[in-house]
Amino acid sequence: MGSNRDGGDRARWVWEDSKIANREDRSWIDYNGNMITKEQVYKQLSTVMDPELHIDIVSLGLIYHVDVEEDQIKVTMTLTTPGCPLAPVIDKLIKKALSFLKAKDVRVELVWEPAWTKEMMSEEAKLTLGMI
């Protein structure tokens, strides 16, 4: 097999919206065996949209903490309400987004303390929802 100019046949480039495209098109991250960083995890998490609000879960302030140990990722997060029926959907979306990082294990831990408040949202998210 021949190699491509991006560093080999197995090189994978992921854009911030999780679409695979040509390197010249966007700002890319190389996930070809490099160590997974918290920054890469947060970038991928920012592609996960809340199915009801259509704003990414990072901007909504739902992500409390990210732990990365070698090739294992643990995301500690909350939801806007404890009874949110979309919890399993969001869990699947997170795992799909993080699958591009090729971690051996991705765990999502839901916590309810501290309770989520609107103040945890980014200014951009508040603006999008008409809160400022």
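Since every read-out is calculated from the coordinates, none of them should be taken as a lab result. Quantities reported herein were computed from a predicted structural model and do not represent experimental measurements. For neighbour counting, all protein chains shown are included, and Cβ atoms are generated from backbone atoms with ideal geometry for every residue, glycine included.
Report the label-to-label distance for Val89 and Asp71 in nanometres (one decimal), using points 7 Å from each Cα along the Cα→Cβ vector.
Calculated label separation equals 3.3 nm.
Which lysines, on any chain, are close to Lys102 with Cα under 27 Å apart, when same-chain ones fewer than 8 places away are left out?
Lys19, Lys38, Lys43, Lys74, Lys92
Would you kindly derive the ³J(HN,Hα) couplings of region 88-94 from the backbone phi angles with the Karplus curve 6.51 cos²θ - 1.76 cosθ + 1.60 (θ = phi - 60°), listing them in order in whole Hz, with x for Gly and Pro?
Each residue's phi maps through the Karplus curve to give x, 5, 5, 4, 5, 5, 5 Hz.
Per-residue HN-Hα couplings for region 77-85, Karplus 6.51 cos²θ - 1.76 cosθ + 1.60 at θ = phi - 60°, whole Hz, x for Gly and Pro?
8, 10, 10, 5, 9, x, x, 4, x
Amide H of Tyr64: which non-local residues (sequence gap of 5 or more, or other chain) have their own amide H closer than 5 Å, using H built in the peptide plane?
Thr76, Met77, Thr78
Return Thr37, Thr78 ranked ascending by Cβ neighbour count within 10 Å, so the fewest neighbours appear first.
On the way: Thr37 13, Thr78 22.
By the 10 Å Cβ count, ascending: Thr37, Thr78.
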